[in-house]
Structures are given as C-alpha cells and as structure tokens.
1. Which of 262, 69 comes first, and how do the rest follow, when ranked by fewest Cβ neighbours within 10 Å?
2. Please grab the % of Cα pairs in segment 78-205 that end up more than 25 Å from each other.
3. Provide the three semi-axes, in whole Å and in decreasing order, of the ellipsoid equivalent to segment 57-128 as defined by the square roots of 5 times the Cα gyration tensor eigenvalues.
4. Would segment 178-272 count as rounded, prolate or oblate if I go by the C-alpha gyration tensor, calling it rounded below 1.5 in a/c and otherwise prolate when a/b exceeds b/c, oblate otherwise?
5. Give me the percent relative contact order of segment 114-256, please, defined on Cα pairs under 8 angstrom at least 6 residues apart.
6. Would you kindly state how much longer the chain becomes between residue 257 and residue 167 on full extension, computed as 0.36 nm times their sequence separation minus their alpha carbon distance, in nm to one decimal?
7. Fewest first, what order do 65, 140 take by the number of other Cβ atoms within 10 Å?
8. As a test, work out the antiparallel percent of DSSP beta bridges whose residues both lie in segment 136-272, rounded to the nearest 5.
Ligand code: NDP
C-alpha cells in the first residue's frame, strides 16, 4: 500500500467544518494572520483577494488545489512545466505560468516575471515518485532526480519567491510532503529515494520555520493522504476533492504558533 489512511470519523468532522465555514474557508486561512493585521474581514477579502501560487498544477492534487482556491475566490497562480499542453488547468480560468522546479533557470524566470507581486500562500506541491521496492532495485539516478524535484525544488522555489511572500498578507509556505516521509511511522520500509526526499523536505520546512518565525512567516508540511491521482493510483482511498478539501481546512487554521509543524490532510498532527 502506498499510504494508509483510515480516519473516516475525523475526515467527516473536517468536511463538516469546511461546509460550515463555507466558501471563504480558504480565505479565512490566513484569516488568523490578517486579523492580526486588522484586515481579515470577509468583505475586505472580497475587495482584495489573496494570492496562492501552486507548483505542479496541471494534474493531480495541484490541479484540484487550483480549482478549489479559484472557487473560493482566491487569485490563483498555477504553474505547470508545459502550460501550452495543460488543457484541464487552462480550463479552470486561473493564471498559468511555466515552472519546472528542477530547473534553476525556470525558477529564476518565474521569480523575475512575478517581481513586485505579493503572494500570500505558496504551495510546493510538485513531486515525483519512482516506484521502487528494495535497495537492490534502486536506481541512484532516480534517487538523485527525486531529491532534485521533491526536496531541492521546494527549497529553490521558496527562496526565489521569498520577497513576494514577505510582501503578502498571508505569509504562508506549505510544502506537500507524505506519510512516507515520517521516520517514526516507517515500519514497512521500501520506496528508497522517495521516503528520504520527503523526510529531507520535512527537515527543510522545520529549519525554514525557525529562520522565518520572527518575520511572521508560517512554514509547515502537510501530507495529502493516499489519493487517486496518477501518483497514488486507482486503489487509493481518497479522491483529490476529499484530500484538498481537508488540506485547505488545515491551512485555513494555521497561525504563527503552528510554524514548523507536520500535518495529515485530516487535521491530525503527524509524527516526524
Ligand atoms: P501526480 O503524479 O498526479 O502529479 C505530479 C505533479 O507534479 C504534476 O503536475 C507534474 O507535472 C508535477 N511535476 C513533476 N515534476 C515536476 C518538476 N520538475 N517541476 C514542476 N512540476 C513537476 O502527483 P500527485 O498530484 O498525486 O502528487 C502531488 C504531491 O503530493 C507530490 O508532492 C506527492 O509527492 C504528494 N503526495 C501524493 C500522494 C498521493 O497519494 N497521490 C501521497 C503522498 C504525497 P507533469 O505533468 O509535467 O509531470
């Protein structure tokens, strides 16, 4: 099994909570932060929507993030490696920009194009999962590529967009990790390269949280559960809609007190 998640009860609570908050659930996300700044009222949000930038948004979880945040009234900057062939994403009606997180030039070009624009929420979502089992089957070029995309990618993108995040009201950096990145929960092994890439991503987020805390920037990692995407496969127990609704509810509640934390999609804290 790729990721096991079986918290139906908690899941229903999250969905109920989101339904109760309604359309502005995502907007209130940074509600706690903007309240502090005195500008978090829903009316204010309607006049001046917040901006989220999502990496790897042409399919899977990134695409669903783009759909849901757009529906909730956010300004969405959705990135894709090949925007011209991102048909489903282009149909969402959000701003689509080119980004390959493993390509330093592509990251620099995105930062250049966004120079001076504020970003409230960065979602480092792009990732790859080479399906390997035992150490003997492991291809080290695949391992390096996985680190490049899953670990260094979020580091590179976050650094490049820090000026934009500092200008934003939301000041939130969310990196999509995995339950497979939890050292404590690792009782089944395998998936060399992927597990380590996500554990390293977790460590990056924790270090960055420490570095940026005094500036009021919130930095967390969230695991999406096991989800029916190209990566998760058809047997996963969650739909993208369920996973993203849950993760948006988690993000909506974040305050600076949560910086440096690791969450499951259903609002449960994850063990490192
Ligand atoms: P998919 O394989 O369905 O989609 C991956 C996305 O990442 C695609 O948009 C892909 O773009 C993009 N991507 C891959 N490489 C790069 C790159 N170098 N630069 C920019 N974008 C890139 O995966 P999911 O949507 O399921 O996964 C999203 C995140 O959730 C990942 O970080 C993954 O590790 C994590 N996750 C997913 C789980 C699941 O069950 N689905 C479980 C745990 C974690 P392209 O189409 O161009 O390849």
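1. Values: 262 20, 69 28.
With the fewest neighbours first, 262, 69 line up as 262, 69.
2. Beyond 25 Å sits 31 percent of the P(r) for segment 78-205.
3. Values: eigenvalues 65, 45, 25 Å².
For segment 57-128, the ellipsoid semi-axes come out as 18, 15, 11 Å.
4. Working: a/c = 2.40, a/b = 1.33, b/c = 1.80.
Cα axes put segment 178-272 in the oblate bin.
5. On the way: 203 pairs, mean separation 36.9, N = 143.
Over segment 114-256, the number comes to 26 percent.
6. Full-extension gain reported as 30.4 nm.
7. Values: 65 30, 140 9.
Ranked by crowding around the Cβ, least crowded first: 140, 65.
8. Values: 1 of 10 bridges.
Antiparallel: roughly 10 percent of the beta bridges in segment 136-272.
Laboratory data are not the source of any read-out in this text; all were calculated from the coordinates shown. Computed from a prediction, not measured in an experiment: that's the story for all the values here. Positions of Cβ are generated from backbone atoms using ideal geometry, with glycine treated the same way; all protein chains shown enter the neighbour counts.
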